[in-house]
Amino acid sequence: MSRYKRVSVHLWGDEKFRALSPLPPSGQSLWLYLLCGPQTTGLPGVFSIGEAALAERLGWPLETFRLCWAEISAQKLAKADFKAPLILLPKALNHNPPASQNVVMFWRSEFEVLPDCELKGEAFSLFSQYFKASKTFAKFWFKTLPKVLPKTLPKTKPYITIEGIIEGRDREKEKEGRATGRTTEPPPTTIITPSLWGMIESWLDRSQHFQASGNGLRDKRWWYAQMEAFPELDFDAELRKADAWLASSRRRYQSWPRFLHGWFNRARAVAST
């Protein structure tokens, strides 16, 4: 007999399921909803939703919801900051290990969109401790982190942005240069090879949507950040897909760098499923 069973979150929106008698208010009912409800994301055990929204989805009075939540909290099954809002199920990661390095890097990107609060810092530390202990995908979790332990990160912003990665590595190289007397070039000019940059420029010139030089897409530092964030992607293929989609949809965007970053993020999410 299989130890785990897959449950689609679409279950909660299914017409026939909603026609059944609803879950009665109880600690067990709430716990099952927290484990596999539609508020869950690809990040195991961490999601953003408030108590009023949960009570409304379950069809329970708010005070009744709070009584059920108190049962779960007393058993230390979950923690919440309902002002942020953010909920953490501390043991969820143990039961949902990553299947590949792509999943690990996707989790890292998901942390950036979570609301800032102390519970977010606790969740980040929990994931970091997991990967330190498991060592299976540790190098992919810590791959883009500067040499700073999660516990030393500010509580109000316990995650690393792409800009922070670049700045942190630049500072490390500057320190190494001062210590050894050697100077180093900025990462974008050394990592993006002439042939790779030639491919990018050729694509920008051919594309009917990205030809303008002032749209930020000819900044090597921006491309360096994307390649650091999405090392598993075939950028040539993804750029062609994005251009073809824009040609068929005829949509226009105020920020083309933001559009492409979102495109790369979705491509990685699809590849990891």
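Name the residues in region 101-121 that are under 13 Å from the mean Cα position of the chain (by Cα) and in a loop (DSSP other than H, G, I, E, B), would you? First the steps, then the outcome.
Pass one, region 101-121, residues under 13 Å from the mean Cα position of the chain (by Cα): 102-115, 120.
E112, V113, L114, P115, listed by residue number.
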In region 10-52, what residues are within 18 Å of A80 (Cβ to Cβ) and free of Cβ contacts under 8 Å to residues at least 12 places away in the same chain? Q28, L32, A52
Could you check, for region 35-43, whether at least one of its residues is under 29 Å from R266 (Cα atoms) and assigned to a helix (DSSP H, G or I)? yes
Set G27, G45: member being among the small types (G, A, S) and farther than 30 Å from P231 by Cα: G27
For region 215-227, enumerate the residues that are closer than 16 Å to S202 by Cα and at pLDDT below 80. N215, G216, L217, R218, D219, K220
Among the residues of region 1-34 satisfying the criterion of being of a type in the set (F, W, Y) and either part of a loop (DSSP other than H, G, I, E, B) or surrounded by 15 or more Cβ atoms within 10 Å (Cβ to Cβ) (or both), which is nearest to the chain's Cα centre (by Cα)? Y33
Residue hits (region 61-87; farther than 24 Å from P22 by Cα and either surrounded by fewer than 18 Cβ atoms within 10 Å (Cβ to Cβ) or not assigned by TED's automatic domain parsing to the domain that holds W31 (or both)) are A74, Q75, K76, K79, D81, F82, K83, A84
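Just to verify a result, which residue in region 92-106, among those that are of a type in the set (S, T, N, Q) and either closer than 15 Å to F47 by Cβ or in contact (Cβ under 8 Å) with a residue 40 or more places away in the chain (or both), is surrounded by the fewest Cβ atoms within 10 Å (Cβ to Cβ)?
Of the residues in region 92-106, the ones of a type in the set (S, T, N, Q) are 94, 96, 100-102.
Restricting the remaining residues to those that are either closer than 15 Å to F47 by Cβ or in contact (Cβ under 8 Å) with a residue 40 or more places away in the chain (or both) gives 96, 100-102.
Details: N96: 15, S100: 13, Q101: 17, N102: 21.
Taking the candidates together, the pick is S100.
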For region 44-56, give me each residue that is closer than 19 Å to L89 by Cα and assigned to a helix (DSSP H, G or I). E51, A52, A53, L54, A55
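The values are calculated or read from the model by the stated rules, or taken from the named source; none is laboratory data. The structure displayed is predicted, hence computed values, not measured ones. For neighbour counting, all protein chains shown are included, and Cβ atoms are generated from backbone atoms with ideal geometry for every residue, glycine included.
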